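The values are calculated or read from the model by the stated rules, or taken from the named source; none is laboratory data. Remember, it's a predicted structure, so these values are computed and weren't measured experimentally. As a convention, Cβ positions derive from the backbone with ideal geometry for all residues, glycine included, and neighbour counts pool all protein chains shown.
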Amino acid sequence: MQTITRYLLGLILSCYVTQTVAQDSIQVKQTDKQIIYLESLKARVETEEKGFLKEEVEAINKRVNAKEITYEEGEDLKQEVAKKRALNIENRQIILQNHIDLVRRNGYDEAIGNEEVNRISIVIGAGRKELGITGKRHPVKYDIRTGNDLVIAAGINNAIIDGRSLSDSPYKLGGSRLF
């Protein structure tokens, strides 16, 4: 079992290393990468929304088969869901087209980002049955815990024991000072 694990780990690492070492012969500008990414999102919108529509229609069909609603009510619900999803496709694609126009006009936009470049994932499987780990690369935040600022402080400390007054305690008023 350990040898299989070692070989599998070696295979995964070798695939990762070959991808990180490989270089494109044609250098693509950051704005072009971002436009390509946004175009791919635009193409993915229709597929996603159609998948959501399919799931909602299946849920409505189950309700009709279970006699929770009538066939006519089910058809009306399907029409409403189809209209909603069609508007979602249209609106999401307009938003992405506006982002593309913004990038073309002003250059690379940090606010939009590039999710494909900043994603780390290991996936086994395809389609809806995938097993994997997905995360995002975050920039390293350096925590500065030391400083070299000039600080001036002054204080008087006192301690009082429970049930005793200041005159009964072994401490005197202003006995502990700092500057």
Fill in the blank from the handout: When (1) of a type in the set (A, V, I, L, M, F, W, C); (2) modelled with pLDDT under 90; (3) part of a helix (DSSP H, G or I) are applied to residue 89, the one that fails is (2)
Completion exercise
If we keep only residues of segment 80-108 that are free of Cβ contacts under 8 Å to residues at least 40 places away in the same chain and charged (D, E, K, R), then the residue surrounded by the fewest Cβ atoms within 10 Å (Cβ to Cβ) is 105
Exercise for the section: Output the residues belonging to segment 86-110 that are closer than 28 Å to residue 30 by Cβ and over 26 Å from the mean Cα position of the chain (by Cα). Expected result: 105
Problem - Residue satisfying all of: in segment 61-85; more than 36 Å from the chain's Cα centre (by Cα) and of a type in the set (A, V, I, L, M); nearest to residue 44 (Cα to Cα) among these - result: 64
Fill in the blank from the handout: Here the residues within segment 38-51 that are exposed (fewer than 14 other Cβ atoms within 10 Å of the Cβ), closer than 19 Å to residue 94 by Cα and not charged (D, E, K, R) are 40, 43, 47
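Residues are listed down the side, and each one gets a yes or a no for (1) surrounded by 10 or more Cβ atoms within 10 Å (Cβ to Cβ); (2) in a helix (DSSP H, G or I); (3) modelled with pLDDT of 90 or more; (4) out of contact with any strand residue (DSSP E or B) (no Cβ under 8 Å at 6 or more places or on another chain):
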{"site": "3", "(1), (2), (3), (4)": "no, yes, no, yes"}
{"site": "7", "(1), (2), (3), (4)": "yes, yes, no, yes"}
{"site": "14", "(1), (2), (3), (4)": "yes, yes, no, yes"}
{"site": "31", "(1), (2), (3), (4)": "yes, yes, no, yes"}
{"site": "36", "(1), (2), (3), (4)": "yes, yes, no, yes"}
{"site": "54", "(1), (2), (3), (4)": "yes, yes, yes, yes"}
{"site": "60", "(1), (2), (3), (4)": "yes, yes, yes, yes"}
{"site": "78", "(1), (2), (3), (4)": "yes, yes, yes, yes"}
